[in-house]
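Peer 1: Here you go, one structure.
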Amino acid sequence: MTYLPSTDRYKKMQYRRCGHSGIKLPAISLGLWHNFGHVDVTETYRKILHLAFDSGITHFDLANNYGPPPGSAEENFGRILKEDFRGYRDEMIISSKAGYTMWDGPYGDWGSKKYLVASLDQSLKRMGLDYVDIFYHHRPDPETPLEETMAALDLIVRQGKALYAGISNYPAQEAAKAIAILKDLGTPCLIHQPKYSMFVRDPEEGLLDVLGNTGVGCIPFSPLAQGLLTNKYLHGIPEDSRAAKSTGFLQKDQVTPERIAQIKQLNDLALKRDQTLAQMALAWLLKDNRVTSVLIGASRAEQLADSLKALDNIAFSADELAQIEKILAA
Ligand SMILES: NC(=O)c1ccc[n+]([C@@H]2O[C@H](COP(=O)([O-])OP(=O)(O)OC[C@H]3O[C@@H](n4cnc5c(N)ncnc54)[C@H](OP(=O)(O)O)[C@@H]3O)[C@@H](O)[C@H]2O)c1
């Protein structure tokens, strides 16, 4: 059956300006790291993509290595774009990245110009696109000069293979340097993608200030701590969860009794706010206006539907924030 997007999709979402750029991103964006590979079920991820677009999600985040196997999320996304979303490309912000191991030999990893340019060409072929909207360097490379990696992003943008450049997993100081180099090259850094959630607070130690001061957007990944910040693990590790799967990046040993105790208390607080824990965890990130969008994952459309309702209440009282800090400090 032909997919027809909901006609009121743009009324359902809030859009936030990405740093000092011309781009607005949906407050909630969808990532295809897990659940969109060849190991996953097409009809399940097709439904997730339909619901996302129907709900005003315009931003879809990929990387060369997403799958498994690596590259398969881009292939599957490209197929569904062609089959279901033909005619809607210009309503989407599609990103990809390179920086982690992708192919054998010295040119399929890290941050050389050789790797970034070749990898993006492969990503474009897999997705059947002429260009991506955002291309990221996925992680800092301690060996390649930062100037070379940033020159690769600048080149890619000038070639029109990406419209904007981004960086991911860069700590505050390296991010500041990368942002300054890109500015000098005339290709401003659009956005930074750090790991950030109630359970991972590193960006608060300088990175958010750097981004706020330089007008660069911020899109936290794993805002639900890969599912820990939901009601999923309240009563153990379900069989269909990321922690139970051999292909997932969340390990069973991360679901400790101490974590469960915190999750239970956070869940109680969320219920008092008339939210699920997932909704509260996303709202908690979005309360900071330096955060442009939260980049969530979902293994089922129902999870996405749940997470989207976070936008109904992103305000916190001082007392609620203090209670959250107390729970997280325990
Ligand atoms: N730049 C980087 O280095 C980097 C690294 C990681 C991720 N990312 C990006 O960030 C995106 C999101 O990462 P993530 O998948 O770790 O994000 P996440 O939103 O923290 O976790 C998503 C997982 O949580 C569970 N979940 C989601 N919503 C739920 C709900 N409402 N109720 C119950 N469980 C729920 C599902 O796990 P189950 O499978 O257990 O159902 C889902 O797959 C990725 O797709 C990718 O685009 C970037």
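Just so it is clear, none of the values below were taken in a lab; they were calculated from the coordinates. Computed from a prediction, not measured in an experiment: that's the story for all the values here. For neighbour counting, all protein chains shown are included, and Cβ atoms are generated from backbone atoms with ideal geometry for every residue, glycine included.
Peer 1: Within 10 Å of each residue's Cβ, count the other Cβ atoms and sort I237, I181 from fewest upward.
Peer 2: If I rank by nearby Cβ atoms, fewest first, I get I237, I181.
Peer 1: With θ set to phi - 60°, apply the Karplus curve 6.51 cos²θ - 1.76 cosθ + 1.60 along segment 114-125 and write out the HN-Hα couplings as whole Hz, x wherever there is a Gly or Pro.
Peer 2: Each residue of segment 114-125 in turn: 4, 5, 5, 5, 5, 5, 5, 4, 5, 4, 4, 5 Hz.
Peer 1: Of L146, P171, A118, which is farthest on the positive side of the dipole of segment 114-256, counting Cα position, with +1 on Lys and Arg Cβ, -1 on Asp and Glu Cβ, and the Cα centre as origin?
Peer 2: Of the options given, the answer is A118.
Peer 1: Select from L224, A27, I263 the residue farthest towards the positive end of the dipole of the chain; place +1 on Cβ of Lys and Arg, -1 on Cβ of Asp and Glu, and compute about the Cα centre.
Peer 2: Of the candidates, A27 comes out farthest on the positive side.
Peer 1: Mean 1/r over all different Cα pairs, inverted: what Kirkwood radius does the chain give, in Å?
Peer 2: Kirkwood radius, the chain: 20.2 Å.
Peer 1: Can you order the peptides 111-120, 260-269 by their average number of other Cβ atoms within 10 Å per residue, highest first? Working shown, then result.
Peer 2: Working: 111-120: 20.8, 260-269: 17.0.
So the peptides 111-120, 260-269, ranked by packing, come out 111-120, 260-269.
Peer 1: Further question on the same structure: What shape does segment 1-118 have by the C-alpha gyration tensor, where a ≥ b ≥ c are the square roots of the eigenvalues, rounded means a/c under 1.5, and otherwise prolate means a/b greater than b/c and oblate the rest?
Peer 2: Oblate.
Peer 1: Can you tell me the order of 318-327, 86-95, 212-221 when each peptide is scored by its average per-residue count of other Cβ atoms within 10 angstrom, highest first?
Peer 2: 212-221, 86-95, 318-327
Peer 1: Please compare each pair in K177/K287; K97/K195; K47/K272 to a cut-off of 20 Å on the Cα-Cα distance and tell me which ones are over it.
Peer 2: Exceeds cut-off: K177/K287; K47/K272.
Peer 1: Continuing with the same structure: Which far-off residues, 5 or more places away or on another chain, put their amide H under 5 Å from the one on V294, with H placed in the peptide plane?
Peer 2: When sequence neighbours closer than 5 places are left aside, the close amide H contacts are I28, S29.
Peer 1: Okay, moving on. Along the charge dipole of the chain, Cβ charges K/R +1 and D/E -1, which of T187, I314, L285 sits furthest on the positive end?
Peer 2: Final value for the positive-end residue is I314.
Peer 1: Next question. Using only the alpha-carbon atoms, how far is helix 72-84 inclined from the longest principal axis of the chain? Give it as 0 to 90 degrees, nearest 10.
Peer 2: 90 degrees
Peer 1: With only Lys, Arg, Asp and Glu charged, each at its Cβ (+1 for the first two, -1 for the last two), find how big the charge dipole of segment 17-78 is about the Cα centre; round to the nearest 20 debye.
Peer 2: Charge dipole, segment 17-78, about its Cα centre: 280 debye, nearest 20.
Peer 1: K97's amide H: which non-local residues (gap 5+, or another chain) put their own amide H closer than 5 Å, with H modeled 1.01 Å from N in plane and none for Pro or chain starts?
Peer 2: It is A63, N64, Y136, by chain and number.
Peer 1: Suppose every K and R has +1 on its Cβ and every D and E has -1 on its Cβ; what is the size of the dipole of segment 104-251 about the Cα centre, in Debye to the nearest 20?
Peer 2: 360 debye
Peer 1: Using the Karplus curve 6.51 cos²θ - 1.76 cosθ + 1.60 with θ = phi - 60°, what ³J(HN,Hα) values do you get for each residue of segment 2-9, in whole Hz, with x for Gly and Pro?
Peer 2: Values per residue, Gly and Pro as x: 5, 7, 10, x, 4, 6, 9, 4 Hz.
Peer 1: What is segment 1-137's relative contact order, in percent, from Cα pairs under 8 angstrom and six or more apart in sequence?
Peer 2: Relative CO of segment 1-137 lands at 22 percent.
Peer 1: For the chain, give the share of DSSP beta bridges that are antiparallel, in percent and rounded to the nearest 5; count only bridges with both residues there. All intermediate terms of the calculation are to be shown ahead of the outcome.
Peer 2: Values: 4 of 29 bridges.
Taking every DSSP beta bridge with both residues in the chain, the antiparallel ones total about 15 percent.
Peer 1: Would you mind checking the tilt of helix 257-272 against the longest principal axis of the Cα atoms of the chain, expressed as 0 to 90 degrees and rounded to 10?
Peer 2: That works out to roughly 80 degrees.
Peer 1: Scan around C189 for amide H atoms under 5 Å from its own, H built in the peptide plane at 1.01 Å from N, and keep only partners 5 or more places away or cross-chain.
Peer 2: K183
Peer 1: Just in segment 155-227: which GluC sites (Glu not before Pro) are loop by DSSP and have at most 13 other Cβ atoms within 10 Å?
Peer 2: In loop regions of segment 155-227 (DSSP not H, G, I, E or B), the sparsely surrounded GluC sites (Glu not before Pro) are E205.
Peer 1: About its Cα centre, how strong a charge dipole does the chain have in debye, to the nearest 20, once Lys and Arg get +1 and Asp and Glu get -1 at the Cβ?
Peer 2: Dipole size: approximately 520 debye.
Peer 1: Show me, for segment 91-104, the HN-Hα J-couplings you get by feeding each phi into the Karplus relation (A = 6.51, B = -1.76, C = 1.60, θ = phi - 60°), rounded to Hz, glycine and proline as x.
Peer 2: Using θ = phi - 60°, the values come out as 9, 10, 10, 10, 10, 9, 8, 9, x, 9, 4, 10, 9, 5 Hz.
Peer 1: Still on this structure, I have one more. Using Cα atoms only, what is the angle between the long axis of helix 318-329 and the major principal axis of the chain, expressed in degrees (0 to 90) to the nearest 10?
Peer 2: 80 degrees
Peer 1: Now a separate question. With a/c under 1.5 counting as rounded, go ahead and sort segment 120-229 into rounded, prolate or oblate using the C-alpha gyration tensor (a ≥ b ≥ c being the square roots of the eigenvalues; past the cut-off, prolate if a/b is larger than b/c, else oblate).
Peer 2: Here segment 120-229 falls in the oblate category.
Peer 1: Past 26 Å, Cα to Cα, is the threshold; run K24/K232; K264/K309; K12/K245 against it and keep the listed order. Walk me through the intermediate numbers first.
Peer 2: Working: K24/K232 31 Å; K264/K309 20 Å; K12/K245 33 Å.
Table pairs above 26 Å Cα-Cα are K24/K232; K12/K245.
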